[in-house]
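The values are calculated or read from the model by the stated rules, or taken from the named source; none is laboratory data. The structure displayed is predicted, hence computed values, not measured ones. Positions of Cβ are backbone-derived with ideal geometry, glycine not excepted, and every protein chain shown enters the neighbour counts. Side chains are part of the model used for accessible areas, which takes the heavy atoms of the whole protein and leaves out ligands, DNA and RNA. Shrake-Rupley method; radii C 1.70, N 1.55, O 1.52, S 1.80 Å.
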Amino acid sequence: MINFAHRGASSDYPENTILSLREGINAGAKGLEIDVHKSKDNKLVVIHDEDIERTFLGKGLVKDYTLEELKSFRNRKKLFRDNEECHIPTLEEVLELVKDKEIVLNIELKTDVIHYENIEEDVVNLINKYGIGEKIILSSFNHDSLRKVKKISNIRIGVLYENPIESIISYAKKLGAYAIHPDLRLVSEKLIKEAHKNNIKVNIFTVNNPIFMRMLIANKVDGAFTDYPELLKEILDESLL
């Protein structure tokens, strides 16, 4: 199972920051999960929400600020406000972090609320610039974005969904998906077996309870997104004994 640090080691560090991602790797994660939006000046930036207010000391939509303006906002977590690695990073900064590491990077295209023009092309082009397409999974709740990715690249896609989709395996195959990324509540042993029978990986979000971690390991899930990568590593190591 791939241990994906969800927005980095986000239980202990400010989510989607370089510090959180670095600490996710240090905690033993073999994957990272990040979220990508675009700034007013068309730069790819890593932050979860459309609005900056929950995680940074400011308010307003990401799309309404330039990269320079976004970089000026201090992190909302008091202990990390003066940490240079806790500003809003660019996607390029994250690719620099992982390019020489044995890490799978899941990039979620945040196009389900606001659609950023050409975000799929821009993300694909940047990945191609670094030549690390084999390390990447592109996911989204907006499956039209995934269709666009498939038209322009061979980068793997993961179908994110938090509500049931009828005949999800057939649906994923039609999209040309490498994996399905269901909400934990939608997962069953039957689903996992059907996906594997059809050569589709199953990566689950968000898995923070050790009981569910052990259940998913026992059912041979391919990956789990967790805010607690150190805990998941301990349980994975335990399962090998």
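Values for this structure:
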| read-out | value |
| --- | --- |
| The listed residue being closer than 22 Å to A27 by Cβ, at pLDDT 95 or above and in contact with a Leu (Cβ under 8 Å, 6 or more places away or on another chain), out of L138, L126, L95 | L95 |
| Residue in the stretch 128-143 that is touching a helix residue (DSSP H, G or I) at 6+ places or on another chain (Cβ under 7 Å), surrounded by fewer than 23 Cβ atoms within 10 Å (Cβ to Cβ) and among the aromatic types (F, W, Y) present | yes |
| Top-ranked residue in the stretch 45-87 [being touching a residue at least 40 places away in the same chain (Cβ under 8 Å) and within 15 Å of E33 (Cα to Cα); ranked as most open to solvent (accessible area, probe 1.4 Å)] | H48 |
| Filtered residue count, the stretch 197-241, keeping only those that are assigned to a loop (DSSP other than H, G, I, E, B), among the polar types (S, T, N, Q) and in contact with a His (Cβ under 9 Å, 6 or more places away or on another chain) | 2 |
| Enumeration of residues in the stretch 1-15 that are in contact with a helix residue (DSSP H, G or I) (Cβ under 9 Å, 6 or more places away or on another chain) and in a loop (DSSP other than H, G, I, E, B) | M1, R7, G8, A9, S10, S11, D12, Y13, P14 |
| Near pairs, Cβ below 6 angstrom, 6+ apart or cross-chain, from the stretch 181-197 (over 17 Å from H143 (Cβ atoms)) to any residue that is open to solvent by 40 Å² or more (accessible area, probe 1.4 Å) and of a type outside the set (A, V, I, L, M, F, W, C) | E189/N219; I192/N219 |
| Selection from the stretch 117-136 of residues that are in contact (Cβ under 8 Å) with a residue 12 or more places away in the chain and over 20 Å from K43 (Cα atoms) | K135 |
| Output for the stretch 79-106, where each listed residue is part of a helix (DSSP H, G or I) and under 30 Å from A224 (Cβ atoms) | L79, F80, E85, C86, L91, E92, E93, V94, L95, E96, L97, V98 |
| Residue check for K40: under 23 Å from N142 (Cβ atoms), at pLDDT 95 or above, assigned to a loop (DSSP other than H, G, I, E, B) and open to solvent by 30 Å² or more (accessible area, probe 1.4 Å) | yes |
| Qualifying position, being assigned to a helix (DSSP H, G or I), more than 18 Å from the chain's Cα centre (by Cα), among the acidic types (D, E) and under 23 Å from A224 (Cβ atoms), among E134, E194 | E194 |
| Per-region count, the stretch 13-37, residues among the small types (G, A, S) and surrounded by fewer than 23 Cβ atoms within 10 Å (Cβ to Cβ) | 2 |
| Members of the stretch 197-232 found to be open to solvent by 60 Å² or more (accessible area, probe 1.4 Å) and under 18 Å from the mean Cα position of the chain (by Cα), listed by number | K201, Y228, E230 |
| Residue within the stretch 89-102 that is free of Cβ contacts under 8 Å to residues at least 24 places away in the same chain and either of a type in the set (K, R) or open to solvent by less than 20 Å² (accessible area, probe 1.4 Å) (or both) present | no |
| Per-region count, the stretch 75-112, residues under 16 Å from the mean Cα position of the chain (by Cα) and of a type in the set (S, T, N, Q) | 3 |
| Residues of the stretch 156-181 that turn out to be in contact with an Asp or Glu (Cβ under 9 Å, 6 or more places away or on another chain), open to solvent by less than 10 Å² (accessible area, probe 1.4 Å) and not in a strand (DSSP E or B), as a count | 1 |
